[in-house]
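Enquirer: This structure is in structure tokens; I'll ask about it shortly.
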Amino acid sequence: MTAMRTIHILCVPALLLPLAACASFLGGGKPDNLFRFGVSEPQAVSGSSAPTARTQVTLARIGFSPEIDGDRILTTRGDSILYIKDARWVAPAPDLFAQAVTRQFGQRAPAVRLTPPGEHRGSGILLRLDVDRFEARYDQASAKDAPPVIQLSGTAELVDLQSRQIIASRRFALEEPAAANGKVAIVSAFDAVVSRCIADIVDWTAGRPEIQAQ
């Protein structure tokens with residue numbers, strides 16, 4: 001009895017070591033490369049000073065289609081859909097997109113005070129963004145090592161929080177070719193197309209008469 005118990009106790013650590021080693025090995029071994037987008041600072045609008053009164057706009061939780069609502073980087077070629085191996089966004093794509101929106105409102109629209117999702121109650125205007133395409137698209141007819149084109153599309157809506165009526169909406173669709181078929185070049189193209197898209201959305205929002213009349 002004693003001998004058997006002793007053998008059993010001694011074998012437990014022996015079992016744990018290979019299990020831990022397997023978990024480390026099967027879990028990836030080499031960690032994924034982490035990337036982010038929307039970090040480049042846009043140039044501030046020249047000749048403008050921040051006013052004392054600011055129009056408040058609430059940013060809704062940004063909606064992403066299921067296949068891009070996460071930290072994986074989507075690629076497409078024809079009907080094939082794949083994620084870039086060993087590469088992920090440093091945070092879920094909707095969170096990075098929301099951070100970029102907030103950053104560009106601060107730079108490009110000083111007359112607008114953008115409130116994060118869930119922090120505003122009552123009347124005002126809601127900015128709702130839905131992204132249905134956020135991918136690196138490879139041309140099926142091109143060579144396999146040809147760089148992709150980043151595609152970003154979706155809708156932007158301004159909603160009156162009191163009446164819940166849509167007061168303005170627009171569709172956006174942009175493309176940005178990657179300079180090379182490599183992770184860094186592809187991520188750089190993602191960053192460029194996001195910056196262009198958000199700059200358009202900010203300028204459109206701030207220029208709306210409903211916003212200027214507040």
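The values are calculated or read from the model by the stated rules, or taken from the named source; none is laboratory data. What you are looking at is a predicted structure, and each value in this text was computed from that prediction instead of being measured. Positions of Cβ are generated from backbone atoms using ideal geometry, with glycine treated the same way; all protein chains shown enter the neighbour counts. Please note that ligands, DNA and RNA were not included when accessible areas were found on the heavy atoms of the full protein model with its side chains. Shrake-Rupley method; radii C 1.70, N 1.55, O 1.52, S 1.80 Å.
Enquirer: Can you figure out the FRET efficiency of Asn33 with Gln56, using R₀ = 30 Å and their beta-carbon distance, to the nearest 0.05?
Expert: It comes out at approximately 0.20.
Enquirer: In the neighborhood of Arg77, defined by Cβ-to-Cβ distances under 14 Å, what is the net charge if each Lys or Arg adds +1 and each Asp or Glu adds -1?
Expert: -2
Enquirer: Alpha carbon centre of the range 84-118 versus the range 166-187: separation in Å?
Expert: 15
Enquirer: Projecting each Cα onto the charge dipole of the range 68-137 (Lys/Arg +1, Asp/Glu -1 at the beta carbon, about the Cα centre), which of Gln104, Tyr83, Leu126 comes out farthest on the positive side?
Expert: Highest projection toward the positive end goes to Gln104.
Enquirer: Starting from the Kirkwood Rh over alpha-carbon pairs, what translational D in µm² s⁻¹ does the range 61-200 have by Stokes-Einstein at 37 °C and 0.692 mPa s?
Expert: 202
Enquirer: Further, regarding this structure: For the range 74-214, give the magnitude of the charge dipole about the Cα centre (Cβ charges: +1 Lys/Arg, -1 Asp/Glu; no others), in debye to the nearest 20.
Expert: In total the dipole reaches around 200 debye.
Enquirer: Quick one: which of 138-146, 174-182 comes out on top by average Cβ neighbours within 10 Å, and what's the full order, highest first?
Expert: Descending packing order for the listed peptides: 174-182, 138-146.
Enquirer: When Lys and Arg each count +1 and Asp and Glu each count -1, what net charge do the other residues less than 9 Å away from Tyr138, Cβ to Cβ, add up to?
Expert: So the environment of Tyr138 carries a net charge of +2.
Enquirer: Residues of the range 91-214: accessible area per residue at 1.4 Å, in Å²?
Expert: I get 47 Å² per residue for the range 91-214.
Enquirer: Please report, as a whole percent, how much of the solvent-accessible surface of the range 153-205 comes from carbon and sulfur atoms (probe radius 1.4 Å).
Expert: Summing carbon and sulfur atoms, their accessible area is 48 percent of the total for the range 153-205.
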